[in-house]
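What follows is a set of notes on a single structure, which appears directly below.
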Amino acid sequence: MIFVTTGTQEPFDRLLKAVDVIASKLNNVPFHVQAFSKNYKATHVKISEFMTPDDFDQNIKNATLIISHAGMGTIISALVKAKPIVIMPRLLKYNEHRNEHQLATAKKLDDLKFVHVAYDEDELIAKILEIWPDKIESLHQVGEQASTELLASLGNYIKK
């Protein structure tokens, strides 16, 4: 199952259109999509505008692959569960967000090789079709809690 999420703050029609193309090419692959659209009406996937936190967590757990905007909540959820994730950042030039923080997040995580990144719709489609189903892999995993090194560093900083 491929889980797609665009968060709940803003529509992300560019990502939904690309996912619809991907779904049209991956027959018999179930997609669970949490998103809301401004204008785009998907024809190959069913979209749920809202998902409870438990449903969201269950979809993360059951996903073979996650496709998402560059939202840290979804990224961290995927990294904690060691799930493969492909992110595509929302961009200011398309009025998809208030600034370019998602682009900065995507670039940094791409440089660190923590997640798969697509910077536009064509790259997203190509990347998913390239890795599905045989080359899907999680690139990084994080723990559910901060490392002892990070906690010690923060403790030392606070003491100063």
* Asked: Along the positive direction of the dipole of the chain (beta-carbon charges: Lys, Arg +1; Asp, Glu -1; about the Cα centre), which of Ile158, Leu129, Ala42 reaches farthest?
  -> Ile158
* Asked: In nm, what is the difference between 0.36 nm times the number of residues separating Thr43 and Leu154 and their Cα-Cα distance?
  -> 35.1 nm
* Asked: Under a straight-distance cross-link criterion of Cα-Cα below 23 Å, which lysines are reachable from Lys61, leaving out those fewer than 8 residues away in the same chain?
  -> Lys46, Lys81, Lys83, Lys113, Lys127, Lys135
* Asked: What's the exposure ranking of His101, His116, going from fewest to most Cβ atoms within 10 Å?
  -> His101, His116
* To do: Between beta-carbons, use under 12 Å as the cut-off and find the net charge around Ala118, counting Lys and Arg +1, Asp and Glu -1.
  => -4
* Please report the base-10 log of the normalised intensity I(q)/I(0) for the stretch 20-157, using a Debye sum with one equal scatterer per alpha carbon and no solvent, at each q in 0.10, 0.22 (1/Å). => -0.37, -1.64
* Excluding Arg14 itself, calculate the net charge of residues whose Cβ lies under 13 Å from the Cβ of Arg14, where each Lys or Arg counts +1 and each Asp or Glu counts -1. => -4
* Structure fact -> Once normalised by the length of the chain, the mean sequence separation of its alpha carbon contacts under 8 Å that are 6 or more apart gives a contact order in percent of 22
* Structure fact -> For the stretch 60-72, Karplus-derived ³J(HN,Hα) couplings (6.51, -1.76, 1.60; θ = phi - 60°; whole Hz; x for glycine and proline) come out as 4, 4, 8, 6, 7, 8, 10, 10, 8, 5, 8, x, 5
* Just add up the charged neighbours of His140: K/R +1, D/E -1, any other residue whose Cβ is under 13 Å from the Cβ of His140. => +1
* Asked: Can you work out ³J(HN,Hα) from phi for every residue in the stretch 16-29, in order, using Karplus 6.51 cos²θ - 1.76 cosθ + 1.60 and θ = phi - 60°, giving whole Hz and x for Gly and Pro?
  -> 4, 4, 5, 5, 4, 5, 4, 4, 5, 9, 10, 4, 6, 9
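Readers should treat all values here as calculations from the given coordinates under stated rules, not as data from a laboratory. Note that the structure is predicted; figures quoted are calculated from it, not measured. Here the Cβ is made from the backbone with ideal geometry for all residues, glycine too, and neighbour counts use every protein chain on show.
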